[in-house]
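What follows is a single structure, written as structure tokens, with notes after it.
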Amino acid sequence: MAAGNAASYEAPHFSFREAAVQLFLDTTDTAVLEELAATGLVDGVTTNPSLIAKSGRPMLEVIAEICALVEGPVSAEVAATDAETMIREGERLAQIAPNVTVKVPLTFDGLQATRALSRQGTMVNVTLCFTAVQALLAAKAGATFVSPFIGRLDDMGFDGMRLIDEIRTIYDQYDFDTEILAASIRTPDHVKAAAIAGADCATIPPEVFRRLIQHPLTDKGLEQFTADWAGTGQSILDARAFDA
Ligand code: E4P
């Protein structure tokens with residue numbers, strides 16, 4: 001925009017890309033969820049039996065509360081290991097709210113349950129995925145999401161991010177709609193690498209989510225700007241500032 005041309009300047013129209021990487025919170029802490037959801041950047045939530053145990057609360061109550069706090073998918077994991085009971089548990093969990101995604105483990109029975117629940121129109125997140133062929137099976141079974149566990153692979157000395165790359169290649173090659181939900185995220189760098197590798201979503205522990213926002217140079221720069229601004233004695237909200 002040329003100087004002095006403000007009257008003819010039209011602001012560009014910004015739109016939020018639907019296709020942008022979705023950020024989920026991996027938590028059962030509803031207070032923390034409510035606080036972080038205020039950013040408008042929390043697209044969904046994942047939970048697992050360990051997180052439910054840590055909350056010390058009844059699962060159905062926690063999931064219902066979480067579903068009321070976020071519009072997007074909320075993963076609630078089955079506890080059974082046989083297909084028939086997984087399906088029954090999944091049907092029960094799906095009744096809690098329309099945004100419940102039933103989470104099932106990537107096992108023989110889990111894949112059967114995935115197929116059955118998906119055919120009923122229930123969203124399914126196939127969890128504990130550690131290889132690309134497991135992810136291929138999850139997609140063929142009709143999973144809405146597959147959760148490759150990056151951090152746990154890294155812990156074992158493998159390259160977790162390579163798994164996301166491989167799944168992306170396979171899913172693109174065969175046009176699978178299943179979304180890659182990068183899980184077991186430990187650092188902001190994991191989120192960056194997952195986005196670069198083409199993950200559709202990343203589920204992030206609250207402490208890592210906070211670290212996504214922070215940088216020491218942001219704090220230092222803001223401190224300087226605030227001090228310099230105070231020295232001017234001006235106030236943007238003081239109408240007289242614009243009368244000059
Ligand atoms: C995701 O769905 C899982 O709940 C979670 O990411 C597991 O993370 P962890 O390996 O840190 O337990």
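Coordinate-derived values only; no laboratory data. For clarity, every value in this text was computed on a predicted model and none was experimentally measured. Cβ: placed from backbone, ideal geometry, glycine included. Neighbour counts: every protein chain shown.
In debye, nearest 20, what is the charge dipole magnitude of the range 26-172 about its Cα centre with +1 on Lys and Arg Cβ and -1 on Asp and Glu Cβ, if you could check? Mind dumping the intermediate values first?
Values: 11 positive and 20 negative charges, 90 e Å.
So the magnitude is around 440 debye.
Scanning the chain for GluC sites (Glu not before Pro) in DSSP loops with at most 16 other Cβ atoms within 10 Å, what's the longest stretch left with none?
Values: sites that count: Glu10, Glu18, Glu71.
Between exposed loop sites, the widest span is 72-244.
If you keep only loop residues by DSSP, which trypsin sites (Lys or Arg not before Pro) in the range 122-190 have at most 14 other Cβ atoms within 10 Å of their Cβ?
For trypsin sites (Lys or Arg not before Pro) across the range 122-190 that sit outside H, G, I, E and B with at most 14 neighbouring Cβ atoms in 10 Å, the list is empty.
Mind pulling the angle between the C-alpha long axis of helix 108-119 and the longest principal axis of the chain? Nearest 10 degrees, somewhere in 0 to 90.
Between the helix axis and the principal axis of the chain, the angle is about 70 degrees.
Rank these for me by crowding, Asp26, Asp238, going from fewest to most other beta carbons within 10 Å.
Least crowded to most crowded, the residues run Asp238, Asp26.
Just to be sure I understand: with springs between alpha-carbon atoms less than 10 Å apart, which residue in Phe209, Phe130, Phe158 has the highest mean-square fluctuation in the Gaussian network model of the chain?
So, out of Phe209, Phe130, Phe158, the one fluctuating most is Phe158.
Once you put a point 7 Å from the Cα of Asp155 and another 7 Å from the Cα of Thr187, both along the Cβ direction, what distance in nm separates them?
About 1.6 nm separates the two model spin labels.
Taking a cut-off of 19 Å between Cα atoms, list the lysines near Lys103, but don't count ones fewer than 8 places away on the same chain.
Partners within reach: Lys54, Lys140.
Just name one of Ile63, Tyr171, Val32: the one whose Cα is farthest towards the positive end of the charge dipole of the chain (beta-carbon charges, Lys/Arg +1, Asp/Glu -1).
Comparing the listed Cα positions along the dipole, Tyr171 ranks first.
Rg to Rh ratio, the range 22-216, alpha-carbon atoms and Kirkwood radius?
Over the Cα atoms of the range 22-216, Rg/Rh equals 0.95.
What shape does the range 169-230 have by the C-alpha gyration tensor, where a ≥ b ≥ c are the square roots of the eigenvalues, rounded means a/c under 1.5, and otherwise prolate means a/b greater than b/c and oblate the rest?
Prolate, because a/c is 1.5 or more and a/b exceeds b/c.
Exposure proxy check: Val21, Val208, Val74, Val133 ranked by fewest other beta carbons within 10 Å?
Least crowded to most crowded, the residues run Val133, Val21, Val208, Val74.
Going by how many other Cβ atoms sit within 10 Å of their own, how do His215, His190 line up, fewest first?
Details: His215 11, His190 23.
The most exposed by this proxy come first: His215, His190.
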